[in-house]
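The values are calculated or read from the model by the stated rules, or taken from the named source; none is laboratory data. Keep in mind that this is a model prediction, so the values were computed, not measured. Positions of Cβ are generated from backbone atoms using ideal geometry, with glycine treated the same way; all protein chains shown enter the neighbour counts. Note: areas computed on protein heavy atoms with side chains; ligands, DNA, RNA excluded. Shrake-Rupley method; radii C 1.70, N 1.55, O 1.52, S 1.80 Å.
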Amino acid sequence: MENFTYCTPTKLIFGKGAIEQLPAALKPLGRKILLTYGGGSIRKIGLYDEVKRLLADFEVYELSGIEPNPKYTSSVLAGVKLCKEHGIDAVLAVGGGSVLDCSKAICAGALYDGEPWDLITYKVKAQKALPLVDVLTLAATGSEYDSACVISRTETNDKVGYLDEHLYPVASILDPRYTYSVSKKQTAAGAADAINHIMEQYFCEKHSALTDGMCEAAIKSLIKNAGIALREPENYDARGEFMVDCSLACNGILSIGNSPSGWPCHGMEHALSAYYDITHGEGLAVLTPRWMKHILSDRTMERFVSFGTHIFGIDSALPEQEIADRTIAATYALFESFGIPMHLRDVGIDETRLGEMAHHIAVNEGLDGAWAPLSEADILAILKASL
Ligand code: NZQ
Ligand code: ZN
């Protein structure tokens, strides 16, 4: 096992009516709240009115219109400006991963005198950040239980992951009923995202019976509950278990003591959504089986055999190569069964900028140091195979 320090200080408040605990969660943080949200889904489900009712005793400012793949120039800077102008005490994010991520960057930028992009790109280390509370409406990224945010800068085709211990939410409110209205497309993309988060931790050099078992249980739970949620969007238990799976999938607990993998599919996908503004989970679903095929070798074989036999029940008596081939095919079929488009062309990406993206990924993502190292040529081959 590798050495580790593990701490997730976020309080998860889960269940029907969990929202009633919002005022108590915010009260110790101050009176002036910046409420952040996206393009209007929270109004449609009545959550906006509910939140405003509960915030009656607070002084509330608002930042709305945060887009998927949240944008630095339009949203992060606008939020930082509001915080500085009004002396905001805490940020309340109500929405999916994009709203939460944008809000984390705002929390860091609000207490920094320089250009917030310097924090996001690690040129400067944040010394502090405003506290964040969130009400999650889409289960997928795990942003509600991790210290990461992913911010896009359209003008330079950058989509950057920024992790900092100051960015863990103080509290995350998880009521599965707020996810009933999530579309089939976003439910499927969320499932693919969370499954890939776990695969990024499972496919590595050093792992244990404990981490393998936790990862396998979480993926099986995601597969089962995504299937139910896609058929029955208002199934409380399925949406609930799915939500908790997603929270645990990205905060490091499932790979405690494992060696790092380099998160190669995420490194590649972030460029796809930076250049083409596609849905993150769909990009991952397209790339994952092609990446698997590309990195399969004698050295990596054991992980494929373990994954295929434990997740898909492939017969362990078969030759290893056949197990691995079936594992890759089963992974593809799983994402396809969720209704996800499985080719880059299906999400509006053609061959025009593949070379440029491969170069961008090779320069910015450090995947030559991944568990299964990827050169620029490897990345280009995976992108081409994904067309
Ligand atoms: O903007 P609104 O109107 O709220 O609509 C959103 C958006 O259009 C909608 N939605 C959210 N909750 C809904 C709902 N629609 C109906 N009912 C509800 N209850 O869904 C659409 C997508 O929302 P978004 O927040 O973009 O989705 P997701 O949660 O998948 O977040 C994706 C972003 O998170 C980043 C991704 O790269 C991407 O930018 N990630 C963040 C991570 C992290 N912080 O740890 C890790 C991930 O790997 C990922 O990179
Ligand atoms: Zn992801």
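Some notes on this structure:
- Derived scalar couplings ³J(HN,Hα) [region 195-201; Karplus, 6.51 cos²θ - 1.76 cosθ + 1.60; whole Hz; x for Gly, Pro]: 4, 5, 4, 6, 4, 4, 9
- Relative contact order (%) - criterion: Cα under 8 Å, at least six apart; region: region 11-179: 28 percent
- Degrees, to the nearest 10: 280-295 long Cα axis against longest axis of the chain: 30 degrees
- Ligands, DNA and RNA are left out, and with a 1.4 angstrom probe the accessible area of the chain is 40 Å² per residue.
- Gaussian network model of the chain, Cα within-10 Å springs - most flexible of Ser98, Ser183, Ser306: Ser183
- Between the residues Ile173, Ala333, Cys246, the greatest Cα displacement towards the positive end of the dipole of the chain, with unit charges on the Cβ of Lys, Arg, Asp and Glu, is found for Ile173.
- Chymotrypsin sites (Phe, Trp or Tyr not before Pro) restricted to DSSP loop in region 199-283 with at most 11 other C-beta within 10 Å: none
- Proximal lysines relative to Lys16, as straight alpha-carbon distance under 17 Å, when same-chain residues fewer than 8 apart are discounted: none
- Pairs with C-alpha atoms separated by more than 26 Å, drawn from the list Lys159/Lys384; Lys185/Lys220; Lys71/Lys128; Lys32/Lys185; Lys185/Lys206; Lys11/Lys185, are Lys32/Lys185; Lys185/Lys206; Lys11/Lys185.
- Within region 11-179, antiparallel bridges make up roughly 20 percent of the DSSP beta bridges whose residues both belong there.
- Of the GluC sites (Glu not before Pro) found in region 158-252, those that fall in a DSSP loop while having at most 12 other beta-carbon atoms within 10 Å are Glu234.
- Euclidean distance between Cα centres, region 89-146 to region 198-216, Å: 28 Å
- Computed from phi, the 3J(HN,Hα) profile of region 30-46 under the Karplus parametrisation 6.51, -1.76, 1.60 (θ = phi - 60°) reads x, 9, 8, 10, 9, 8, 10, 7, x, x, x, 4, 6, 6, 4, 8, x Hz, with x in place of Gly and Pro.
- Computed from point charges on the beta carbon alone (+1 for Lys and Arg, -1 for Asp and Glu), the dipole magnitude for the chain about its Cα centre is near 880 Debye.
- Nearest-20 debye value, region 184-385 charge dipole, Cβ charges on Lys, Arg, Asp, Glu: 240 debye
- Of all the options Ser181, Ser273, Ser103, the one that moves most in a Gaussian network model of the chain with Cα springs shorter than 10 angstrom is Ser181.
- Under the Karplus curve 6.51 cos²θ - 1.76 cosθ + 1.60, θ = phi - 60°, whole-Hz ³J(HN,Hα) for region 109-116, x wherever Gly or Pro sits: x, 5, 10, 10, 7, x, 6, x
- Set against the 2.2 N^0.38 Å expectation for a compact globular protein, region 184-385 has a Cα radius of gyration ratio of 0.98.
- Using C-alpha pairs below 8 Å separated by at least 6 residues, the relative contact order for the chain is 16 percent.
- Nearest-20 debye value, region 11-179 charge dipole, Cβ charges on Lys, Arg, Asp, Glu: 180 debye
- With a simple spin-label model that places each label point 7 Å from the Cα along the Cα-to-Cβ direction, the separation between Ser183 and Leu210 comes to 4.2 nm.
- When the chain is treated as a GNM with alpha-carbon contacts under 10 Å, the residue of Thr141, Thr121, Thr331 showing the greatest mean-square fluctuation is Thr121.
- For the pair Glu336 and His86 in one chain, pulling the backbone fully straight at 0.36 nm per residue adds 85.2 nm over the alpha carbon distance.
- Simple rule: put +1 on each Lys or Arg Cβ and -1 on each Asp or Glu Cβ in the chain, find the dipole, and look at Ser103, Thr121, Asn225; the Cα lying farthest toward the positive end is Ser103.
- Separation of the Glu67 and Thr352 label points, Cα + 7 Å toward Cβ, nm: 1.7 nm
- With K and R counted +1 and D and E -1, the other residues having a Cβ less than 12 Å from that of Asp212 yield a net charge of 0.
- Placing unit charges on each Cβ (+1 for Lys and Arg, -1 for Asp and Glu) gives the chain a dipole about its Cα centre, and among Thr300, His310, Ala78 the Cα reaching farthest toward its positive end belongs to Ala78.
- Carbon/sulfur fraction of accessible area - region 134-278, other protein chains in place, 1.4 Å, %: 58 percent
- Taken over the Cα atoms of the chain, the convex hull encloses 127 Å³ per residue.
- Taking every DSSP bridge with both residues inside the chain, close to 20 percent are antiparallel.
- Computed from the Cβ-Cβ distance with R0 of 41 Å, the FRET efficiency linking Asp298 to Lys16 stands at 0.20.
- Ellipticity at 222 nm from helices only: DSSP H runs of n ≥ 4 in the chain, each -39500 (n - 2.57), divided by the residue count, give -14500 deg cm²/dmol.
- Net charge of Cβ neighbours under 9 Å - reference Ile311; Lys, Arg +1; Asp, Glu -1: 0
- Degrees between helix 236-249 axis and first principal axis of the chain (Cα, 0 to 90, nearest 10): 80 degrees
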